[in-house]
Amino acid sequence: MGNPFSIPCDPCVNKISQCLDEKVGYIHNLEKNLDDLETTMEVLKGKRNDLVKRATREEDRGLKRLDEFQVWLTRVETIEKSVNGLLNARNVEVQRLHLCGFCSKSILSSYRYGKNVFLMLKEVEKLKSDVFEETVDQPLTPEVEEIQLQPIIVGQETMLEKEWKHIIKDGVGIMGIYGMGGVGKTTLLTQINNKFPNDKRRFDFVIWVVVSKELHVENIQDKIAQKISSWWRRVEQKR
């Protein structure tokens with residue numbers, strides 16, 4: 001007759017052993033985990049600061065910060081306070097561990113502290129691994145009035161690429177195109193105008209204003225103001 005109480009013990013023993021190893025590891029690896037926590041938190045703060053700077057630049061252009069990104073920032077702020085609390089207690093906890101070792105007087109306190117350090121390290125690593133390709137809402141599609149192209153002048157493709165690179169270069173605020181009548185200035189400007197919709201990261205809207213020989217500054221200003229107002233209303237509606 002078989003023994004009804006016979007059960008395999010290896011799985012139970014392994015599970016208990018793993019549990020004990022994990023708990024002892026909180027104490028045994030305490031100093032290493034503290035070093036890793038401090039280093040990883042510094043990296044996370046650097047990432048946070050860089051993302052905030054990028055978001056602030058975009059907000060200055062009228063764009064709205066993503067809720068997902070704001071939640072992440074709040075979480076980082078909360079975690080930072082908790083990490084600071086653990087690191088402030090570092091000297092006391094490490095000294096207690098060195099002086100008392102694994103005696104019953106300190107084992108429970110060291111275990112709890114070591115576990116908190118380990119779990120906090122995992123949380124900081126998770127936040128650090130989060131990726132934000134965008135920190136604000138995608139810019140509105142640039143308002144560009146597509147203009148029908150005139151026949152392309154031979155050799156103008158090279159000039160177009162040269163002028164476009166000049167426009168998108170950082171620090172460039174103005175560019176002039178000049179030449180005799182009929183050489184293709186308007187065609188070149190039209191081609192440049194029609195390239196803006198493909199570059200949504202740098203430009204919110206494009207204003208095309210034709211200035212006649214009889215210059216009326218007020219009319220030009222009105223056209224520019226109307227274009228800006230139209231774009232700004234769209235931004236406000238999206239908020």
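So the values come out like this:
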read-out: Segment GLN226-ASN88, extension gain: residue separation times 0.36 nm, minus the distance between their alpha carbons; value: 43.9 nm
read-out: Sorted by Cβ neighbour density within 10 Å, fewest at the top, the residues TYR26, TYR111; value: TYR111, TYR26
read-out: R0 of 25 Å, Cβ-Cβ distance ASP50-LYS81: FRET efficiency to nearest 0.05; value: 0.75
read-out: Simple spin-label estimate for TRP164 and THR74 in nanometres, 7 Å along Cα-Cβ; value: 4.3 nm
read-out: For ASN29, distant residues with modelled amide H under 5 Å away; value: none
read-out: Exposure proxy order (Cβ contacts within 10 Å, fewest to most) of VAL83, VAL183; value: VAL183, VAL83
read-out: Cα-Cα over 31 Å, subset of LYS64/LYS169; LYS128/LYS162; LYS45/LYS195; LYS45/LYS227; LYS64/LYS126; value: LYS128/LYS162; LYS45/LYS195; LYS45/LYS227
read-out: In Hz, Karplus ³J(HN,Hα) per residue of the stretch 113-121 (6.51, -1.76, 1.60; θ = phi - 60°; x = Gly, Pro); value: 5, x, 5, 4, 5, 4, 5, 5, 4
read-out: Stretchable slack from ARG112 to LYS128, in nm (0.36 nm times residue separation minus alpha-carbon distance); value: 3.3 nm
read-out: Paramagnetic reach from ASP35 in the stretch 57-98 [backbone N under 17 Å; point 7 Å along Cα→Cβ]; value: 87, 90-91, 94-95, 98
read-out: Inter-label distance for VAL211 and HIS98, nm, one decimal - labels placed 7 Å from Cα along Cα-to-Cβ; value: 7.5 nm
read-out: Placed amide H near VAL136: partners under 5 Å, 5+ positions off or other chain; value: LEU66
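We did not get these values from a lab; they are worked out from the coordinates using the rules stated. Note that the structure is predicted; figures quoted are calculated from it, not measured. When we count neighbours, we look across all protein chains shown, and the Cβ atoms used for this are built from the backbone with ideal geometry, even at glycine.
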